[in-house]
Amino acid sequence: MQTDEELAVSIQQGNQSALTELVNRHHSRLIGYLYRLTGGNRGLAEDMAQETFLRVIRAIEQYRYPRTFKTWLYAIATNIARDHFKRAEMRYSMIDVDSNEYINLSTDHQPETTLIVDAETQGVINALMSLSEHQRVVVVLRYYEGLALQDIATTLDIPVGTVKSRLSLGLKKLKEKLERSGVYEK
């Protein structure tokens, strides 16, 4: 099985099936990442994931091996999310717990269990959205996407020390917010 990096080089050489393989490997995880960055807006996350892959196609010649393809992909996705929220006309509003826009993570179909899980999920999403963008991105990349600190630094083009600082501050604020909301207890 080819690595992501080998597939990216293969795309540069004109292999269209390599692109299909990369999309299949990363599409779901990328939507999950963008879902968390957008505060649980599934439609917006899907649109941003599609835009990310379009930019990958347009910019594939700029990818340079041996850079990790995943960090390059997530850097593009992060920039798309940043651009979205920077637009002057964009004013983000949190979704309601009653909204059907968020993903139901419950496997138990009991109504009361579903409500509790959905409320807890929304509490975590709201807490994540209360972080600064810089802190939210590093927390999501580290704990939801499982990237190493060096990979996060490469993705965001910042020093590892800055990643550690943002992660530390973000986790502290996240814990405080979750404790205040009752989602997380000491």
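What follows draws every value from the coordinates through simple rules; no lab data is involved. Please read all numbers here as calculations on a predicted model, not as lab measurements. Here Cβ is always computed from backbone atoms with ideal geometry, including for glycine, and neighbour counts include all displayed protein chains.
Could you order peptides 45-51, 171-177 by the average number of other Cβ atoms within 10 Å of their residues, highest first?
Most protected by this proxy first, the peptides run 45-51, 171-177.
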Testing the spin-label approximation: label points 7 Å from Cα along Cα→Cβ at Arg25 and Gln12. State their distance in nm. 1.5 nm
Could you order peptides 137-150, 155-168 by the average number of other Cβ atoms within 10 Å of their residues, highest first? 137-150, 155-168
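Give me the extension gain from Glu46 to Asn79: residue separation times 0.36 nm, minus the current Cα-Cα distance, reported in nm with one decimal.
Details: separation 33, 0.36 × 33 = 11.88 nm, distance 1.51 nm.
This chain segment gains 10.4 nm when fully extended.
Roughly speaking, what is the stretch gain from Ile57 to Ser181, that is 0.36 nm per residue apart minus the C-alpha to C-alpha distance, in nm to one decimal? Mind dumping the intermediate values first?
Details: separation 124, 0.36 × 124 = 44.64 nm, distance 4.23 nm.
Stretched out fully, the Ile57 to Ser181 stretch lengthens by 40.4 nm.
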Extended-chain gain in nm, criterion 0.36 nm per residue less alpha-carbon gap, Gln150 and Gln2: 51.0 nm
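Note down the net charge around Met1, summing +1 for each Lys or Arg and -1 for each Asp or Glu among other residues with Cβ under 15 Å from its Cβ. Mind dumping the intermediate values first?
On the way: positive: Arg25; negative: Asp4, Glu5, Glu6, Glu21.
Here the count lands on -3.
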